């Protein structure tokens, strides 16, 4: 991966984004020209960024909770990378993503779940798999896929201790250790309530505009 991070969740998110191949025009809502994950996405594409804060380095400044400054059917894909939890009117953003997508276009995103409160500038929600599926379906999306990210209770513990992981070189062995403990728990008792099935660090989702 091209992006260096101590966060286990972000590592899992970047793995998912690296599997994508998108041709055409992509709108990254809440993104930045400095976002390292853009380079992970395959395909022949152009990425346009929109953010409420100009200090992030973005193409356009606008509030994702209001009507977006784009015509209908303008983009081949829309990205929500760790953004929806910061939007109080997330339903507006989801509806707008459908509007600006071309037919057959895709919305792709990641959201945290078992993670600390983090303002940017605010932190409002956590989404379950059921909630994401329902919100996307109600908005009019089809072919909805939602996958849990993270491996269970010990991965959550790692994230609780993330502030103590001072150097990047410490992260890789610690992530391997805590993920190994979660695999051991799964081996001892599959589908237990300490597993990623019930304690994911976050979710990856994608859906299409019919």
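Here are some notes:
- Failed criterion for residue 145 (all others in (1) closer than 20 Å to residue 116 by Cα; (2) touching a residue at least 40 places away in the same chain (Cβ under 8 Å); (3) not in a loop (DSSP other than H, G, I, E, B) hold): (1)
- Criterion: in contact with a helix residue (DSSP H, G or I) (Cβ under 8 Å, 6 or more places away or on another chain) and either on the phi > 0 side of the Ramachandran plot or not in a loop (DSSP other than H, G, I, E, B) (or both) - qualifying residue of 3, 78: 78
- Considering (1) touching a helix residue (DSSP H, G or I) at 6+ places or on another chain (Cβ under 8 Å); (2) within 30 Å of residue 178 (Cα to Cα), the lone condition that residue 10 does not fulfil carries the number (1).
- Take the conditions (1) surrounded by 15 or more Cβ atoms within 10 Å (Cβ to Cβ); (2) touching a helix residue (DSSP H, G or I) at 6+ places or on another chain (Cβ under 7 Å); (3) under 26 Å from residue 25 (Cα atoms); residue 101 misses just one of them, which is (2).
- Members of the range 1-37 found to be more than 17 Å from residue 111 (Cβ to Cβ) and within 13 Å of the chain's Cα centre (by Cα), listed by number: 18
- Long-range neighbours under 9 Å by Cβ, at least six apart or interchain, first residue closer than 19 Å to residue 84 by Cβ within the range 17-36, second modelled with pLDDT of 95 or more and loosely packed, with under 14 Cβ neighbours inside 10 Å: 20/42; 20/43; 26/43; 26/46
- Residue list for the range 39-73, restricted to those being in contact (Cβ under 8 Å) with a residue 12 or more places away in the chain, over 19 Å from residue 97 (Cβ atoms) and surrounded by fewer than 12 Cβ atoms within 10 Å (Cβ to Cβ): 44
Quick grid of which residues meet (1) over 14 Å from the mean Cα position of the chain (by Cα); (2) surrounded by 15 or more Cβ atoms within 10 Å (Cβ to Cβ); (3) in a helix (DSSP H, G or I):
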{"residue": "95", "(1), (2), (3)": "yes, yes, yes"}
{"residue": "136", "(1), (2), (3)": "yes, yes, yes"}
{"residue": "176", "(1), (2), (3)": "yes, no, yes"}
{"residue": "181", "(1), (2), (3)": "yes, yes, yes"}
{"residue": "199", "(1), (2), (3)": "yes, yes, no"}
{"residue": "205", "(1), (2), (3)": "no, yes, no"}
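The values are calculated or read from the model by the stated rules, or taken from the named source; none is laboratory data. Not measured: the values here are computed from a predicted model. So basically every Cβ, Gly included, is an ideal-geometry build from the backbone, and we count neighbours across all protein chains shown.
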